[in-house]
């Protein structure tokens, strides 16, 4: 049966677009972190939506599961096949890399229609070439795809001003589990004609259907910016600074990132041509950015005034304001290289959590104290999008031998961190999704009614459980 399915898929997309040897499939069967790996009958690379639909229909007829995959930059195993344990008939990876076209840009409507395999940076550049901004920005933007961003409801560094993918998307085109196509590519900001179906698929990690294209919002590009690297005494001071900055500059605050010292030290250790922007080492720093569509507004002056006032009050210990675009890029490189530096350094127990901004300082203080008491000598790499309450909180032990035993205690560590997150009114997954990593964990924190609703939606849209099995539910 497997050979017959592979022949059928080859007839749809062409033999060169069906990979079936272990060597050819290797890069598609393991996740970016190297934590998850699986097996597949083959990897299929369709070239358009009709081919996607025919591929899904062929797999459905054979009773074989489908694993959608974009840039394979996910952090929770959501795009990695699980193997026979998740589906007895096996899985086919459907790679969207060939579906990378910009279908249309509507300047009057401020929208862009792109295919799911379009790399995020490609979408950003196409918008810029048309005199617009597509604001989603994250460290993996050079390889992450729009489909993957949609499937995990990606956030990134500018959620504070522009929102996450859910807010940036007006319409979707989706191939459903039976191979039928839902064309919801409407660029409407008002459409009150029933259920807003696109939101079922955004953040669903391919478990309800396969996103093939999307209509995305565009914005006027910023013509002025001001970027600063600021040392603060503690996370509470960072939250206070955010409040003061927003009160003074309003929606011009486009990014506000917190970086703990251990995170910065890893970047300085592992990433070439990086240096601490400040002379004295500090435990906590913030990378912030103001942007405006008006030139000559005086963003630097406005930012300097806030920084001076907060330095006087003791909320700021030191600060450097970028004097050029290249200096601003240097500061952003420090923040965006943290995940890569962590990967080079070794395994850690990663947490992508969100809490109300007002509880961030409490979360960090209580989580640090709790974990250090239970596991003395921990190194806690804490950083993230403090402006929208999203923290990446990643503890590990500094030596390889100690860390191996600590990683083995992941379940207990997760329980401690996640229990505290939920106590503070937060979420155990802010922007990375559930995937395989948190599939079972989520049942502890969602009520029975909520889980039943999610399972009912899954049964309605994917009654045979063929869409990305072993993820989310």
- Binned Cα-Cα distances of the stretch 251-402, short to long, each 5 Å bin given as a whole percent: 1, 8, 16, 20, 20, 16, 10, 5, 2, 1, 0, 0
- Item | Cα-only radius of gyration and Dmax that characterise the stretch 200-280, units Å | 18.7, 51
- Query: For the chain, what is the calculated [θ] at 222 nm in deg cm²/dmol (nearest 500), taking -39500 (n - 2.57) for each run of four or more DSSP H residues and dividing by its residue count?
  - Reply: -10500 deg cm²/dmol
- Query: So what are the radius of gyration and Dmax for the Cα set of the stretch 224-339, in Å?
  - Reply: 13.6, 39
- Query: Where does each of 152, 293, 111, 193 land when they are ranked from fewest to most other beta-carbon atoms within 10 angstrom?
  - Reply: 193, 293, 111, 152
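So what is the diffusion coefficient of the chain in µm² per second by Stokes-Einstein at 10 °C and 1.306 mPa s, using a Kirkwood Rh over Cα pairs? Please report the intermediate quantities before stating the final value.
Working: Rh = 23.3 Å.
Answer from the Stokes-Einstein relation: 68 µm²/s.
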- Could you state the number of Å between the C-alpha centres of the stretch 60-87 and the stretch 408-463? 19
- the stretch 1-137, Cα convex hull volume normalised per residue, Å³: 119
- Calculate the tail of P(r) for the stretch 102-217: the fraction of all Cα-Cα distances greater than 18 Å, expressed in %. 46
- Query: If you find the alpha carbon centre of the stretch 194-231 and of the stretch 313-388, how far apart are they in angstrom?
  - Reply: 24
- Message: What translational diffusion coefficient, to the nearest whole µm²/s, does the stretch 371-459 have by Stokes-Einstein, given a Kirkwood radius computed over alpha-carbon pairs, a temperature of 4 °C and 1.567 mPa s viscosity?
- Response: 87
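Report relative contact order for the chain in percent, whole number only (criteria: Cα-Cα under 8 Å, sequence separation at least 6).
Numbers: 969 pairs, mean separation 74.0, N = 473.
The value is 16 percent.
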- Note on the structure: Pseudo-spin-label distance residue 304 to residue 280, built 7 Å along Cα→Cβ, given in nm, is 2.2
- Cα centroid distance between the stretch 131-186 and the stretch 244-270, in Å? 24
- Return 378, 400 ranked ascending by Cβ neighbour count within 10 Å, so the fewest neighbours appear first. 400, 378
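What translational diffusion coefficient, to the nearest whole µm²/s, does the stretch 357-411 have by Stokes-Einstein, given a Kirkwood radius computed over alpha-carbon pairs, a temperature of 20 °C and 1.002 mPa s viscosity? Intermediate results must be reported in sequence, preceding the final value.
Details: Rh = 12.1 Å.
Diffusion coefficient, whole number: 177 µm²/s.
Each value in this text was obtained by applying a stated rule to the coordinates, not by laboratory testing. From a predicted model like this one, the values you see are computed outputs, not experimental measurements. Note that each Cβ is placed from the backbone with ideal geometry, even for glycine, and that neighbours are counted across all protein chains shown.
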